[in-house]
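The values are calculated or read from the model by the stated rules, or taken from the named source; none is laboratory data. The structure displayed is predicted, hence computed values, not measured ones. Cβ placement follows ideal geometry from the backbone for every residue including glycine, while neighbour counts extend to all protein chains displayed.
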Amino acid sequence: MITISWLIGVAAIVGLLVTVLPFSRRAGGYLALLGSLAVLGGVIGFIYRFEPSAGYQFGDDVAWIPQLGIRWDVAVDGVSLAMIAVTALVTACAIGYGLWAGRDRNHATYGLLLLTEAFLLLVFSARDLFAFYVGFEGMLIPLLILLAIWGGAERRQAVVQVVAYTALGTLLMLVGILYLGLTAPDGPSFAMADAVGRGPDWVFWVFALAFAIKSPLFPLHGWVMPAYRQSSPEVAAVLSGIASKAGGYAFLAVLVPLFPEQASRFAWLFIALGLVGFMWGALLAFRQPDSRGVIAYSSIAQMSFVVLGVFLLSDLGATGATFQMVNHALISAALFLLAGWAETKAGSGAFAHLGGLARNRPILATVVLIVGMAALAVPGSSLFASEFLILLGAFAEAWWLGAIAAVGIVLAAMYMLRWISAVLHEREGDLVGSLRPPDLRSGALVAIVPLVLALVLLSVAPAQLTERIDRSAQALVAAAEEVAP
Amino acid sequence: MIEYPSIDWWAISPDIAMGIGAAVVLMIAAFLKGRGRAIGTAVGLITLGVVAGLAIAQWGDDPVSTIADSMQVDQVTQAVRVLVSACAALTLLVAFGWSRMRDSGAEFAALILFAATGMNLIAASASFMTLFVALELFSIALYALSGIGRDRASLESGFKYLVLGTVGSIILVYGIAFLYGATGSFQFGEVATALAEGDTGAPLVILGTGLLLVGLLFKIGVMPFHMWVPDVYEGAPTAVTGFMAAATKIAAFVVLARVLLEALPAMRDTWEPVLIAVAVVTMVMGNVAALVQTNLKRMLAYASIGAAGFGLIPLIVGGPDGVSSLLFYLAAYAPVTIGAFAVVALHERDVRGIATLESIRAWGFDRGLAGAAMVLFLLALAGFPPTVGFMGKFVVLGPAVENGWTWLAVVGVLASVISLGYLLRVIAALYDRSQRSGVLLPAAPGLGSTNLVIAICLVLVLVAGVLPGTGIDWANEAARAIAMTR
């Protein structure tokens, strides 16, 4: 039977080969695409075979470094499955986009995207803290290299920011993991199951710091802007679409179950930060002068909302947060690819030079409008469903909490509408007039459409997803929910 | 009638073999003059293979104390023999195609073998006499090796190393003399017993311990005794630099562990605070100083200073866990440094000059394997998974956290965040798309063996990073041999 280890192995080996061996750009790109499609195929198999009541599935558990009590213990529950599915889809689309839309890429860029996927799959399936850490820190390598070598003009500052924030947070977590693993009662063990409820407060905080930076949670989002602005479109899509989910997922699947007591004691803080980040990100998104700015701040807002959902410590909140992460992954990846495409063709992402792109470009207008509608959570869209779940959870917690959160959702509608109108309508921008960017065609379209289709599918049948995740989500927060007063 | 001490010939056979090999290679150098390069290198490699083979054959033997208890051959000794031999062999291969090897190749091989002999002996020392003689043996060989390039920089490096190294040795001898005065013995065990029963606060003892510590810290190149490291590493031929950074560290750290844990356990209250201060300052400042370097060898020199500071953590932790993690860390560090310096050596031959952040611009696109390998070595230096650098860090920090040195572990972690600052600069320069390098001259001759070393190190760094279990087993086994008190 194919297990998650196979998928990680395929992504890692193909990724490494494509990165290191001297392929041509096209050969390397197609090989990487093939690898990512193979992983996607495996994940689709998982989705069909998944048994919601069976707990962790498709896993392997073998001794890895027995001297230190480290096991290769990977398995997939409903929440993992959702994250793995979007990871596979977004990676395939990102590689496809880079392959068809970018002439200046190198074969290594595709391999590095695939390596990122391998590390992310490990993060989303690890049941051992050591393996989790390898994925969590390891994914920085390909992303940093992609940013440092193929980033925009100000990539150096961006790299410094990313390193200063994420590496710091991640490495401090290493100390916490060592503490948990080596103080296990029956000799060293890094199994997550053995770490439940054992950690002192400082370990909780170093974990929370690492995850908050990665998410990013207000006020630790300083690295996000430069990183999203300086990355190439497909890397920005991976960064905001799936790499950031490592943070949100880890809050739900690592922090809360491992530290139920602290999670419940400090939940108010995370809820407050989530609320502030949700409002603040939305307000800033409304003021941004360019597409990437809007998408980046909307990402901060959305992920803050996810953290809020997680720390409601309820069935509704956890399911909603997972669903929200899936939606946001698809939406922000699609938005970054679209924005990047417009930026490449029109030479700028600034609204001052864009505008009027809808004229004579029916396909682009349609795709942007669908993604935009999904992003502003019109009733009936999948994002509406997930936000609704979190809102319900918030109301169940306290009516005023739900009321404030609802205001944030209105703000989200405002900045998305502004973005759509600034890009598609209004007066024709000077660059649009002079450069005459073509309509969205073939390559880029093929790369973006799967994301849009997935959004449409989720809007039509959200229950297909929620029925697979809700048991797992409930199980993850159960212990913390019990502790809560 | 003079009583001669009994000698366990089997236990010291690797050292004898190494010495004979070195002498033979020296003869080859004398008689074959310029034509001795290939033969000298071949004999050198065979010798190193024999030494490593003998050490492996002795693995698992009971610890032996021989020649009137002045040498001890235990698993730590065996581990050092294998590691140093491997480093020396890789160094010979890196240097093989180097232009200087054409007229003094055999001398080079002989000096490397002499240095390796000294390193193996110092790791086996059980008395301060052995320690000092072995230290001088490998130091003098290294002085000569540093100056063997005969260009200005190399000669300056050799001379600087000679002068400063001698000062270090003198301080060390002073410390040994004071300790001898206080305890009446050179032998580690006897010194330890005398100190445990005597007055550890006596000025003579404190002074002796302090001077001894300074002398040894000087050799491992930690702050504030690091001044010689950047200059010597920069000027010395690059193959030699790699050897110094990997093998010298192994020998010096192991002997430091022996001295502190076998001879001076009673003085822990004196040396522990010193080591803590030195470790913290070195980890942070070494990496900070590396941030501003543009010369690649200088940058790697400061990185290795920072790494040496990190290597003090296991000594502070002490115990079998500490020694085991120290051994694993040193072994993990070796292929990373030798590999990184091998890439630098390759680059120097490509550009016929020194390696700087400027000269390596876009070079990674031209030399696929070397470029990718360099990226991996740099990531290993920064301690990223899944490289062996990460396992080294993990194995060192583990016992530290376990034994209540969490804050020290946090400092170590912060230092590796700083190190990312310069390591990523190198990666970004290697693959700078904004300009073409234009440096690629027609392939320099004799790159084959250097490329082979890079490939070997690459495989080691990855495989040992993903599957470190066996290495940890060996380190644990070896660590049990050191007599330890906590």
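Just a few scattered comments:
- With respect to (1) assigned to a helix (DSSP H, G or I); (2) at the interface with chain A (Cβ under 10 Å from one of its Cβ atoms); (3) crowded, with 24+ Cβ neighbours inside 10 Å, the lone exception for B:His347 is condition (2).
- Flag for A:Ser299 being of a type in the set (Ser, Thr, Tyr) and either buried (at least 24 other Cβ atoms within 10 Å of the Cβ) or not in a helix (DSSP H, G or I) (or both): yes
- Qualifying positions in region A:24-53 - closer than 18 Å to A:Tyr97 by Cβ and within 14 Å of chain B (Cβ to nearest Cβ): A:Arg25, A:Gly28
- For A:Ile47, the test of being surrounded by fewer than 19 Cβ atoms within 10 Å (Cβ to Cβ) and either in contact with a Phe, Trp or Tyr (Cβ under 6 Å, 6 or more places away or on another chain) or of a type in the set (A, V, I, L, M, F, W, C) (or both) is passed.
- Matching entry among B:Thr209, B:Thr282 (being touching a residue at least 24 places away in the same chain (Cβ under 8 Å), assigned to a helix (DSSP H, G or I) and closer than 26 Å to B:Ala79 by Cβ): B:Thr282
- Within region B:85-117, tally of residues that are at pLDDT 90 or above and more than 15 Å from B:Ala239 (Cβ to Cβ): 3
- Scanning region B:463-479 for residues that are surrounded by fewer than 18 Cβ atoms within 10 Å (Cβ to Cβ), in contact with a helix residue (DSSP H, G or I) (Cβ under 8 Å, 6 or more places away or on another chain) and facing chain A (nearest Cβ under 10 Å) gives B:Gly469, B:Asp473.
- In summary, B:Ile148 fulfils each of the numbered conditions (1) touching a helix residue (DSSP H, G or I) at 6+ places or on another chain (Cβ under 7 Å); (2) modelled with pLDDT of 90 or more with the single exception of condition (2).
- Scanning region A:140-182 for residues that are aromatic (Phe, Trp, Tyr), modelled with pLDDT of 85 or more and farther than 20 Å from B:Ile418 by Cα turns up just one, A:Tyr179.
- Test: residue in region B:311-323 that is of a type in the set (Gly, Ala, Ser) and within 14 Å of another protein chain (Cβ to nearest Cβ): yes
- Boolean, A:Leu21 is surrounded by fewer than 17 Cβ atoms within 10 Å (Cβ to Cβ) and within 14 Å of chain B (Cβ to nearest Cβ): yes
- Conditions (1) in contact (Cβ under 8 Å) with a residue 12 or more places away in the chain; (2) of a type in the set (Asp, Glu); (3) not in a helix (DSSP H, G or I); number of the one not met by B:Glu3: (1)
- Region B:388-411, residues that are within 9 Å of chain A (Cβ to nearest Cβ) and in contact (Cβ under 8 Å) with a residue 40 or more places away in the chain: B:Phe390, B:Met391, B:Lys393, B:Val395, B:Leu397, B:Gly398, B:Pro399, B:Ala400, B:Glu402, B:Ala409
- Selection of first residues in region A:26-41 that are more than 17 Å from A:Ala88 (Cβ to Cβ) and of second residues that are part of a helix (DSSP H, G or I), restricted to Cβ pairs under 6 Å at least 6 apart or on distinct chains, gives the following pairs, ordered by first then second residue: A:Gly28/A:Val18; A:Gly28/A:His107; A:Gly28/A:Tyr110; A:Gly29/A:Leu99; A:Gly29/A:Tyr110.
- Taken over region B:10-37, the criterion of being under 27 Å from the mean Cα position of the chain (by Cα), surrounded by fewer than 15 Cβ atoms within 10 Å (Cβ to Cβ) and more than 19 Å from B:Ala141 (Cα to Cα) is satisfied by B:Trp10 alone.
- Residues in region A:262-296 that are surrounded by 20 or more Cβ atoms within 10 Å (Cβ to Cβ) and β-branched (Val, Ile, Thr) were compared, and the one that is farthest from the chain's Cα centre (by Cα) is A:Ile271.
- Of the residues making up region A:109-150, those that are of a type outside the set (Phe, Trp, Tyr) and at the interface with chain B (Cβ under 8 Å from one of its Cβ atoms) are A:Val134, A:Glu137, A:Gly138, A:Leu140, A:Ile141, A:Leu144, A:Ile145, A:Ala148, A:Ile149.
- A single member of A:Val123, A:Val90, A:Val74 is within 29 Å of A:Leu172 (Cβ to Cβ) and either touching a strand residue (DSSP E or B) at 6+ places or on another chain (Cβ under 8 Å) or modelled with pLDDT under 90 (or both), and it is A:Val74.
- Of all residues in region B:412-425, none satisfies the criterion of being more than 10 Å from chain A (Cβ to nearest Cβ) and either more than 23 Å from the chain's Cα centre (by Cα) or outside any helix (DSSP H, G or I) (or both).
- For region A:162-199, the set of residues classified as part of a loop (DSSP other than H, G, I, E, B) and either of a type in the set (Lys, Arg) or more than 10 Å from chain B (Cβ to nearest Cβ) (or both) consists of A:Ala184, A:Pro185, A:Asp186, A:Gly187, A:Ser189, A:Phe190, A:Val196, A:Gly197, A:Arg198, A:Gly199, listed by residue number.
- B:Ala380 being farther than 21 Å from A:Pro22 by Cα and part of a helix (DSSP H, G or I): yes
- Residue within region A:204-222 that is among the hydroxyl-bearing types (Ser, Thr, Tyr) and free of Cβ contacts under 8 Å to residues at least 40 places away in the same chain present: no
- Considering the conditions (1) out of contact with any Ser or Thr (no Cβ under 8 Å at 6 or more places or on another chain); (2) within 30 Å of A:Leu476 (Cα to Cα), A:Pro52 is excluded by exactly one of them, (1).
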